[in-house]
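Accompanying notes for the structure given below.
The values are calculated or read from the model by the stated rules, or taken from the named source; none is laboratory data. These numbers were taken from a predicted model, which means no experiment stands behind them. Cβ sites come from the backbone with ideal geometry, for glycine too, and all protein chains shown count toward neighbours.
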Amino acid sequence: MNKETDISKLMNKIKNKEFNSTEELSSFMNDLIGGNAPTSPKSKNKKYLAQDLVYEAYEQPLTKAKKTIKKALQLDPNNADAYSYLASQEKDIDKAIELYEKAVIAGEKTLGPDFFEEEKGCFWGMTESRPYMRAKAGLASCFILVDQTEKAIEIYEEMLELNPNDNQGIRYMLSTLYLRKNLFKAFYALNKQYDEYGNAVSNFNLALAQFKQEGKSNKSNKLLLEAHTKNHFVIDLLLGNKKMPKQQPEYIGIGDKNEAVSYVFGNYQIWDETPDAFEWLYYFLKNRVQMN
């Protein structure tokens, strides 16, 4: 989160200045680059000091981090990231949900209703609204774990309205949830909205959506072939022919094994819940081997 901290501090310094000319702005920016910028009053504000403490906590061991988070909340009881951090470390899912809900409420209080009206559509572009968006994502993930899919869908839909550019990749998780609930109209509308077919989520979910509606057919087989051609690791991992790692990869690339692993982590359940889906994959792969 260091880059985000730097951006936030830079914006705060700029917001506290009134420039009468472009030359004055240029001079101020040159001072910033040189590291000679005047200290902003906001840098001493409890809210910003609290956020700095939260960023520090993410770099600390758990015991020390919790003490740091406590200090942050004493400075700013409405620090959403502080509650999200505590939620992320909570083993009890109900307590995690409660903490993420506190984080969401805290974010709403910090931003205020005017912010939601004025900045809707670019929430990730505003650093001050990122803690709120992180809290929403965390809460949705918890709802998925306790099988409250409808609540997760509602949150994800709200997040895409606030930030259609979807820097957090919410559309991929929402795609899976739509499929899980057989909400095909919403599923296809989402795919049309983002119009991307180069990744495993889009390709394999499109094939599965077709299979869920009409079973094995020329169209579903064609979509599966297209998906398999773009990432040939996915089916083996879904069928258990290749062993899955215990943790998700930190980085993925389009068409590589890490992308396949990430896809299976997030989508195995909907394949498992779809009758005859694994049998379809098995015979598809078997026919491919025979053809070669």
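Could you list all residues from the range 75-89 that are assigned to a helix (DSSP H, G or I) and either in contact (Cβ under 8 Å) with a residue 24 or more places away in the chain or of a type in the set (Phe, Trp, Tyr) (or both)?
Result: Leu75, Ala80, Asp81, Ala82, Tyr83, Ser84, Tyr85, Ala87, Ser88.
Being at pLDDT 95 or above, within 18 Å of Glu157 (Cα to Cα) and among the charged types (D, E, K, R) is true for just one of Glu108, Glu98. Which residue is that?
Glu108
Report yes if Lys136 is among the basic types (Lys, Arg), over 30 Å from Ala82 (Cα atoms) and touching a helix residue (DSSP H, G or I) at 6+ places or on another chain (Cβ under 8 Å), otherwise no.
no
Looking at the range 114-134 only, could you name the residues that are within 22 Å of Lys46 (Cβ to Cβ) and in a helix (DSSP H, G or I)?
Asp114, Phe115, Thr127, Glu128, Ser129, Arg130, Pro131, Tyr132, Arg134
Evaluate the range 101-123: report whether one residue or more is surrounded by fewer than 16 Cβ atoms within 10 Å (Cβ to Cβ) and of a type in the set (Lys, Arg).
Yes, because at least one residue in the range 101-123 is surrounded by fewer than 16 Cβ atoms within 10 Å (Cβ to Cβ) and of a type in the set (Lys, Arg).
Among the residues of the range 240-272 satisfying the criterion of being exposed (fewer than 14 other Cβ atoms within 10 Å of the Cβ) and more than 24 Å from the chain's Cα centre (by Cα), which is nearest to Leu177 (Cα to Cα)?
Gly240
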